[in-house]
1. Among the residues of the stretch 59-74, are any more than 19 Å from the chain's Cα centre (by Cα) and at pLDDT below 75?
2. Which pairs have Cβ atoms under 6 Å, sit 6 or more apart or on different chains, and link a residue in the stretch 16-29 that is more than 18 Å from A4 (Cα to Cα) to one that is surrounded by 14 or more Cβ atoms within 10 Å (Cβ to Cβ)?
3. Criterion first (at pLDDT below 80, among the aliphatic types (A, V, I, L, M) and outside the structural domain of A7 (by TED's automatic domain parsing)) does A90 satisfy it?
4. Got a number for residues in the stretch 91-119 being within 15 Å of A39 (Cα to Cα) and surrounded by 10 or more Cβ atoms within 10 Å (Cβ to Cβ)?
5. Mind checking whether some residue in the stretch 137-151 is modelled with pLDDT of 75 or more, aromatic (F, W, Y) and touching a Ser or Thr at 6+ places or on another chain (Cβ under 7 Å)?
6. Criterion first (surrounded by 13 or more Cβ atoms within 10 Å (Cβ to Cβ), modelled with pLDDT of 80 or more, out of contact with any helix residue (DSSP H, G or I) (no Cβ under 7 Å at 6 or more places or on another chain) and not in a strand (DSSP E or B)) does E14 satisfy it?
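The values are calculated or read from the model by the stated rules, or taken from the named source; none is laboratory data. Worth saying up front: this structure is predicted, and the values here are computed from it rather than measured. Here the Cβ positions follow ideal geometry from the backbone for every residue, glycine too, while neighbour counts run over all protein chains shown.
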Amino acid sequence: MSQALAALFRQLHEAFPDDHPYTLALRAQAVTGRQVTGARAKQILTGKPFFDLQTMATSAPEKLFSIDIKLFPNTRNNKIDLDGSIKFNADEVDSLCSYLKEAKVDDQGRVILKVKGWRKVSEKGNKYLSCLSEVMANQVDDSAQRLADEFDGELI
């Protein structure tokens with residue numbers, strides 16, 4: 001971790017003790033001109049590593065985030081076959097955003113998340129499609145390295 005960035009966050013936190021880490025990240029960006037995520041600010045302030053390759057390499061895969069998708073037959077609009085929602089845990093938002101920012105981009109400029117799905121029947125007897133997208137820690141090795149490279153090449 002950049003010692004200068006850590007020192008800047010300590011100074012900003014002392015000057016603005018009630019600011020949310022995301023607000024502190026914006027303040028740091030204004031000072032340094034470098035992009036600093038809220039997740040990175042939170043990591044610096046708490047001292048907890050966001051990505052830890054050593055742990056990722058030696059432990060069982062840990063889920064970084066999951067996205068739950070439910071699609072039901074659409075009965076209100078004949079132009080749309082399925083209608084539903086996408087849900088994710090609020091405490092996984094930082095991991096999701098950081099992953100998306102650091103993920104590989106395909107040749108068409110898109111980030112791809114793998115999805116698996118199951119045909120199910122609701123308690124009311126309605127058929128629907130239940131989908132899940134999960135990213136495990138062992139799937140982000142070079143994303144973590146690129147994140148480290150962004151911050152002076154140190155991965156903690």
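1. Looking for residues that are more than 19 Å from the chain's Cα centre (by Cα) and at pLDDT below 75, one finds at least one in the stretch 59-74, hence yes.
2. Correct list of pairs: Y22/G38.
3. no
4. Looking only at that region, the number is 11.
5. Within the stretch 137-151, none of the residues are modelled with pLDDT of 75 or more, aromatic (F, W, Y) and touching a Ser or Thr at 6+ places or on another chain (Cβ under 7 Å).
6. no
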